[in-house]
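The values are calculated or read from the model by the stated rules, or taken from the named source; none is laboratory data. None of these values were measured; they are calculated from a predicted model. Here Cβ is always computed from backbone atoms with ideal geometry, including for glycine, and neighbour counts include all displayed protein chains. Ligands, DNA and RNA are excluded from the accessible area calculation, which covers all protein heavy atoms including side chains. Shrake-Rupley method; radii C 1.70, N 1.55, O 1.52, S 1.80 Å.
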Amino acid sequence: MDITIVFNNIATLFLLIFIGLFAGKTEMVNKNATGYLSDVLMKITLPATIFLSISGTFSQGILKDSLVILIITFMIHISCILISLGYTKLIKIPDKDRGVWIFTSTFTNVGFMGFPIIYAILGKEGLFLASISNTVFNILIFSIGVKMITMGFKSESNVSVKKLLLNNNNIAIVLGIFFYLAQISLPEFLYNSINHIGSATTPLSMILVGLSISKNNMSDIFNDNKLYILSIVRLLIIPFLVLIIMKIIPFESTSLIPKVMVIAFAMPAPSVTSIIAEQYNGNKELAAKVVFLTSVVSMLTIPIVLLLI
């Protein structure tokens with residue numbers, strides 16, 4: 001395992017966050033621009049990224065593994081939600097913070113950081129399985145995940161089931177699955193256009209995190225001891241639990257599913273945490289802090305987890 005792969009992806013993540021942080025602190029960009037930026041991400045670039053990650057070349061050989069990983073991913077996410085509901089109540093996390101804690105304990109930044117690492121270690125088949133697994137992530141994150149982020153806030157009552165289901169990201173999921181199963185090829189100009197739009201998701205989302213952090217005192221992030229507890233849960237406890245589950249399930253020795261799942265759940269909190277918090281008026285400050293801190297700590301924890309798979 002080439003550790004430089006991990007370092008390069010995390011270093012890229014931080015450089016993009018720093019650009020947003022610098023722009024916010026120097027007022028190069030108005031800090032209030034986070035709301036407009038989250039609109040662009042949620043309604044335009046992120047749906048494009050989701051669609052392209054799902055649609056692709058059909059392979060009968062890994063269809064069975066695709067179905068298996070869909071079921072396993074769903075069950076693990078539900079388990080993470082239940083565990084998070086329990087431990088956040090046990091350690092008495094305030095109601096206005098609890099939603100972000102549950103969300104970031106359950107979901108990871110697999111799209112930006114996980115995909116490159118999985119591709120480098122497991123190749124195209126591993127990346128494909130990760131994309132299929134990420135379908136469950138997207139469905140849950142833009143439905144029940146939104147409810148999590150808005151827990152304890154007035155905006156929670158304004159998030160209707162219809163609004164959760166009929167959004168651009170879930171539409172992109174449905175279209176992506178349809179194009180994958182039907183193996184419909186887009187015209188080159190259309191594919192290139194969607195690809196260019198989707199490629200803006202990562203830099204824009206990281207800049208958004210930086211802008212959100214710029215509204216806070218940096219020392220507040222590193223001096224909050226409870227956030228280190230959340231980082232340990234997100235980056236070590238959850239991945240180890242997933243590893244144990246993967247050891248118990250009798251996979252074939254050649255199956256890539258166990259490694260894909262462990263790597264995916266070893267990633268830091270997803271940048272979309274801040275995007276959703278901005279979009280739905282949740283705890284924006286805490287969301288940005290958690291994304292930043294877990295990304296910092298992941299530089300130490302990801303290599304540890306990778307050595308165990």
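Key figures
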{"read-out": "Complete set of residues in region 109-130 that are open to solvent by 10 Å² or more (accessible area, probe 1.4 Å) and more than 14 Å from residue 202 (Cα to Cα)", "value": "119, 120, 121, 122, 123, 124, 125, 127, 128"}
{"read-out": "Some residue of region 18-30 being under 19 Å from residue 108 (Cα atoms) and either assigned to a helix (DSSP H, G or I) or open to solvent by 70 Å² or more (accessible area, probe 1.4 Å) (or both)", "value": "no"}
{"read-out": "Meets criteria (touching a residue at least 12 places away in the same chain (Cβ under 8 Å), under 12 Å from the mean Cα position of the chain (by Cα) and under 28 Å from residue 125 (Cβ atoms)) for residue 299", "value": "no"}
{"read-out": "Given (1) polar (S, T, N, Q); (2) in contact with an Asp or Glu (Cβ under 8 Å, 6 or more places away or on another chain); (3) closer than 24 Å to residue 169 by Cα, number of the condition residue 273 does not satisfy", "value": "(2)"}
{"read-out": "Candidates 247, 226, 215, filtered to the one that is touching a residue at least 60 places away in the same chain (Cβ under 8 Å), among the charged types (D, E, K, R) and either part of a helix (DSSP H, G or I) or out of contact with any Gly (no Cβ under 8 Å at 6 or more places or on another chain) (or both)", "value": "226"}
{"read-out": "Residue 278 vs. criteria open to solvent by 50 Å² or more (accessible area, probe 1.4 Å), outside any loop (DSSP other than H, G, I, E, B), under 30 Å from residue 153 (Cβ atoms) and acidic (Asp, Glu)", "value": "no"}
{"read-out": "Condition met for residue 242 (assigned to a helix (DSSP H, G or I), among the β-branched types (Val, Ile, Thr) and within 22 Å of residue 87 (Cα to Cα))", "value": "yes"}
{"read-out": "Count of residues meeting criterion [of a type in the set (S, T, N, Q) and surrounded by 20 or more Cβ atoms within 10 Å (Cβ to Cβ)] in region 205-254", "value": "4"}
{"read-out": "Filter pass, residue 202 being touching a residue at least 24 places away in the same chain (Cβ under 8 Å), open to solvent by less than 10 Å² (accessible area, probe 1.4 Å) and not aliphatic (A, V, I, L, M)", "value": "no"}
{"read-out": "Out of 49, 57, sole residue that is closer than 30 Å to residue 180 by Cα and at pLDDT below 80", "value": "57"}
{"read-out": "Residue match in region 69-86 (condition: more than 21 Å from the chain's Cα centre (by Cα), assigned to a helix (DSSP H, G or I) and at pLDDT 90 or above)", "value": "yes"}
{"read-out": "Considering residues of region 255-275 that are surrounded by 24 or more Cβ atoms within 10 Å (Cβ to Cβ) and of a type in the set (S, T, N, Q) only, the residue nearest to residue 7 (Cα to Cα)", "value": "271"}
{"read-out": "Scan of region 116-154 for residues that are touching a Ser or Thr at 6+ places or on another chain (Cβ under 6 Å) and hydroxyl-bearing (Ser, Thr, Tyr), ordered by number", "value": "131, 133"}
{"read-out": "Selection status of residue 7, modelled with pLDDT of 90 or more and open to solvent by 70 Å² or more (accessible area, probe 1.4 Å)", "value": "no"}
